[in-house]
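Colleague: Below is a structure I'd like to ask you about.
The values are calculated or read from the model by the stated rules, or taken from the named source; none is laboratory data. Being a predicted model, the structure only gives us computed values, none of them experimental. Heads up, the Cβs are rebuilt from the backbone with ideal geometry, glycines too, and the neighbour counts pull from every protein chain shown. Heads up: the accessible areas ignore ligands, DNA and RNA and are worked out on the full protein's heavy atoms, side chains in. Shrake-Rupley method; radii C 1.70, N 1.55, O 1.52, S 1.80 Å.
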Amino acid sequence: MNFTGFIGHLLGGLASASSLFLVGAGLSLIFGVTRVVNFAHGSFYMLGLYLAYSLTEYLGSGWGFWFSILLATVAIGIIGALLELSILRRVYAAPELFQLLATFAIALVLKDVALWYWGPEDLLGPRAYGLSQAVVWNEQRLPSYDFFLILIGPLILLVLWWLLNKTRWGMLVRAATQDREILGALGVNQVGLFTSVFALGAALAGLGGALQLPREPANLGLDMVVIGEAFVVVVVGGMGSISGAFVAALLIALLKAFCIAMGNIEIFGISFALPKLSLVLEFLVMAFVLILRPWGLFGKPLSLSRNSNPQERPYRSFSTTNRAVVMILVLVLIFLPPLSTDSPYNLVLAIDLLTATLFASSLFLLMGPSGMNSFGHSAFFGCGAYMAALLLTRYHFSMEASLFLSPLVAAVLAAAVAWFSIRLSGVYLAMLTLAFAQILWSLVFQWDEVTGGSNGLTGVWPAQWTTLNNGFYYLCLVLVVVSLWCLRTIALSPMGFALKASRDSLQRASAIGIPSPILQILAFAIAGGFAGLAGALFAFSKGSISPDSLGVHRSIDGLVMVLLGGVQNLLGPWVGAITYTWLQDWVIRNTAYWRALLGSIMLILVLVFPMGIAGGLQLWWEKLKPILVKRHN
């Protein structure tokens, strides 16, 4: 290993870690006080970088560079405050996961705002005024701006420490982090506190992005990349711990620099390319830390929220009206092929809707009755898809055998993930599942000899008999309908109610003899198996599969479907999957700014149906039914 080269990589890593700490600190502040898992935080970073670029174009690259950084930071703070005042404040009383859905919708809108104003091209800013020269050390030129960024991180940490520990505002923030409901009962104005915290958190993210102006081009993909890395930093350090976020950012930067500098190494004659490990290193670190310390390095168990949500009602069998609606829907799907002879795309869309519904319903089994939130459900979907493709193309299994075996492999993978994950809860459990999904994605993305790498696998076509009389469509319809019936039966079975008991009070469930860990692992395995079946059907319907099926976007799509439909109603994942998939298809075909339109529609739905579409419609019907009966009588 070249020590001089290692120092260069280390300085670059520490400079990036400094900006990442700023984003993580803001995210940790917002979550600690408001309990909002803010998916739009990466958008604040992206907009901070874009605004800094535009301001330097207007103010010039001299002292205007530094004024641009400050103005962009203030502007992002104001944008964050306005979003909190206008949107998020209206959903604080909703379940915390629905607040996540609102921030995801905001992120979609902000991405298209950036696309509309700055365009799709990458935009690289000028060098920092006064710090454009390099520092020569041991015949290597090191950017002086990197040294400046390395100093910024500890400086911001000290400022935040002073704010949180030496001011009355900081005392209120720390109190809200511990128990915001008691703080409100003492007469503290939570509204103003939430707005100020959200503004500060957004400003820190904007500052982190603006400071990257000379080092990184502004582009539309930054938001999702940064939010993933920021979540890792916050979770590894401990939710709500600013110093923990700083230590986690430094730790990940050091490990990445080491892997890149070491290059290829040999252990017992086997060559390992450590630079490839840097693609997923932060998720390996997060998985390792959460398995050993379930609350992160400096975190504490999260306090329970006391949001005054309507009490959840027990799941019940379909009413006569619901049965009639489901039967009509099934009949429509049965007769769809002869009705679509002039529009074959309808069948393609119908298959996408069916696989999405099965995927969302499998995730609902974890999030609804089991109360285990998963951000990595795409791992099981992708596992089923890749296993079906590999069994068919490399091992020459039949389509029928591939469809049978691939869900079993996905179920085994899900059980293994559950064995590590069920000791955790809340955001920590969700992030550990995300870590496993990203590790699997990295393996698939880089294992060219087996998985095809970034190109994926092609030639995944269904059996010849399914090409006759829309056979594959009817195969998908039968398998999905049977699977949905099985998942619904499980939710209404004694196992489903035992899972709900474990979700509501693990100690009480254990006291009455419910084997909660075994049931939770079994629920993971069942959900993973059905998600694997959805992935296998998806692979055969498209004729190919790529690493995107394992990506975080797939997990987010499943999460959005479940939340949009509602987690307190058995019809929720069906309604959410159909609504989200159809809306996404419709807006993509009708406008270039489909994210903004989709995000706006989702925001309206979240505001109108804070308990999900299915739950909201059920509440409306129960209020309207007595009025109609009274008028009829």
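Colleague: Go through the range 42-100 and report how many residues are of a type in the set (Val, Ile, Thr) and more than 18 Å from Ile30 (Cα to Cα).
Modeller: 2
Colleague: Can you say whether Arg508 is in contact (Cβ under 8 Å) with a residue 60 or more places away in the chain and basic (Lys, Arg), as far as the supplied structure shows? Even if it seems obvious, please write down each step before you answer.
Modeller: On the way: in contact (Cβ under 8 Å) with a residue 60 or more places away in the chain: no; basic (Lys, Arg): yes.
So Arg508 does not fit the description; no.
Colleague: Anything in the range 116-130 that is open to solvent by 50 Å² or more (accessible area, probe 1.4 Å) and not charged (D, E, K, R)? List them, or say none.
Modeller: Result: Trp116, Tyr117, Pro120, Leu124, Tyr129, Gly130.
Colleague: Might you let me know whether the range 93-113 holds any residue that is surrounded by fewer than 19 Cβ atoms within 10 Å (Cβ to Cβ), touching a helix residue (DSSP H, G or I) at 6+ places or on another chain (Cβ under 6 Å), of a type outside the set (Asp, Glu) and closer than 25 Å to Trp594 by Cβ?
Modeller: yes
Colleague: Are there helices (runs of 4 or more DSSP H) fully within the range 466-513 with at least 2 residues that are within 22 Å of Leu333 (Cβ to Cβ) and either charged (D, E, K, R) or open to solvent by 40 Å² or more (accessible area, probe 1.4 Å) (or both)? List them.
Modeller: 471-492
Colleague: Of everything in the range 118-168, what is assigned to a helix (DSSP H, G or I), touching a residue at least 60 places away in the same chain (Cβ under 8 Å) and farther than 26 Å from Ala249 by Cα? Give them in sequence order.
Modeller: Passing the criteria: only Trp118.
Colleague: Continuing with this model, one more query. Among the residues of the range 578-592, how many are over 28 Å from Gly452 (Cβ atoms) and open to solvent by less than 30 Å² (accessible area, probe 1.4 Å)?
Modeller: The total comes to 3.
Colleague: Here are some residues: Ser61, Ser86, Ser43. Which one is closer than 13 Å to Gly206 by Cβ and not aliphatic (A, V, I, L, M)?
Modeller: Going through Ser61, Ser86, Ser43 in turn, just one is closer than 13 Å to Gly206 by Cβ and not aliphatic (A, V, I, L, M): Ser43.
Colleague: For the range 181-220, name all the residues that are hydrophobic (A, V, I, L, M, F, W, C), in a loop (DSSP other than H, G, I, E, B) and surrounded by fewer than 24 Cβ atoms within 10 Å (Cβ to Cβ). Let's see the steps before the verdict.
Modeller: Here is the first cut: in the range 181-220, the residues hydrophobic (A, V, I, L, M, F, W, C) are 182-183, 185-186, 188, 191, 193-194, 197-200, 202-205, 207, 210-211, 213, 218, 220.
Subsequent filtering for residues that are in a loop (DSSP other than H, G, I, E, B) retains 186, 188, 211, 213, 220.
Within the range 181-220, Leu186, Val188, Leu220 meet the criteria.
Colleague: Name the single residue, out of those in the range 169-179 being open to solvent by 20 Å² or more (accessible area, probe 1.4 Å) and of a type outside the set (Val, Ile, Thr), that is farthest from Tyr145 (Cα to Cα).
Modeller: Asp179
Colleague: Let me ask something else. Take residues that are over 22 Å from Ala360 (Cβ atoms), without any contact (Cβ under 8 Å) to a residue 60 or more places away in the chain and over 21 Å from the mean Cα position of the chain (by Cα) and tell me which of the helices (runs of 4 or more DSSP H) falling wholly in the range 566-633 contain 3 or more.
Modeller: Answer list for the range 566-633: 613-632.
Colleague: Can you tell me which condition Thr56 does not meet? The list is (1) outside any helix (DSSP H, G or I); (2) crowded, with 24+ Cβ neighbours inside 10 Å; (3) hydroxyl-bearing (Ser, Thr, Tyr), and all the others hold.
Modeller: With (1) outside any helix (DSSP H, G or I); (2) crowded, with 24+ Cβ neighbours inside 10 Å; (3) hydroxyl-bearing (Ser, Thr, Tyr) applied to Thr56, the lone miss is (1).
Colleague: Further question: Hey, can you tell me all the residues within the range 598-629 that are surrounded by fewer than 20 Cβ atoms within 10 Å (Cβ to Cβ) and modelled with pLDDT of 85 or more?
Modeller: Ser600, Ile601, Ile604
Colleague: Quick check: anything in the range 260-282 part of a helix (DSSP H, G or I), crowded, with 24+ Cβ neighbours inside 10 Å and modelled with pLDDT of 80 or more?
Modeller: The answer is yes; a qualifying residue exists.
Colleague: If Gly371 satisfies every condition in (1) assigned to a helix (DSSP H, G or I); (2) open to solvent by less than 40 Å² (accessible area, probe 1.4 Å); (3) out of contact with any Phe, Trp or Tyr (no Cβ under 9 Å at 6 or more places or on another chain) but one, which is the exception?
Modeller: The failed condition is (1).
Colleague: Between Arg90, Arg127, which is under 19 Å from Val608 (Cα atoms) and basic (Lys, Arg)? Can you show your working first?
Modeller: Working: Arg127 fails: under 19 Å from Val608 (Cα atoms).
Selected residue: Arg90, the only one of Arg90, Arg127 that is under 19 Å from Val608 (Cα atoms) and basic (Lys, Arg).
Colleague: Determine whether the range 39-61 contains at least one residue that is among the charged types (D, E, K, R) and in contact with a Gly (Cβ under 9 Å, 6 or more places away or on another chain). Break it down stepwise before answering.
Modeller: Residues of the range 39-61 among the charged types (D, E, K, R): 57.
Subset that is in contact with a Gly (Cβ under 9 Å, 6 or more places away or on another chain): 57.
Within the range 39-61 (the criterion being among the charged types (D, E, K, R) and in contact with a Gly (Cβ under 9 Å, 6 or more places away or on another chain)), the answer is yes, since at least one residue qualifies.
Colleague: In the set Tyr129, Tyr145, which member is more than 25 Å from Val33 (Cα to Cα) and in contact with a Phe, Trp or Tyr (Cβ under 8 Å, 6 or more places away or on another chain)?
Modeller: The unique qualifying residue is Tyr129.
Colleague: While we're looking at this one, here's another question. Restricting attention to the range 39-53, does a residue exist that is surrounded by fewer than 23 Cβ atoms within 10 Å (Cβ to Cβ), part of a helix (DSSP H, G or I) and more than 26 Å from the chain's Cα centre (by Cα)?
Modeller: yes
Colleague: Mind telling me which of the residues Ala389, Ala401, Ala410 ends up being more than 20 Å from the chain's Cα centre (by Cα), more than 30 Å from Phe288 (Cβ to Cβ), open to solvent by less than 10 Å² (accessible area, probe 1.4 Å) and of a type in the set (A, V, I, L, M)?
Modeller: Ala389
Colleague: Separate question: Of the residues Val482, Val460, which single one is free of Cβ contacts under 8 Å to residues at least 24 places away in the same chain and either aliphatic (A, V, I, L, M) or closer than 12 Å to Phe540 by Cα (or both)?
Modeller: Val482
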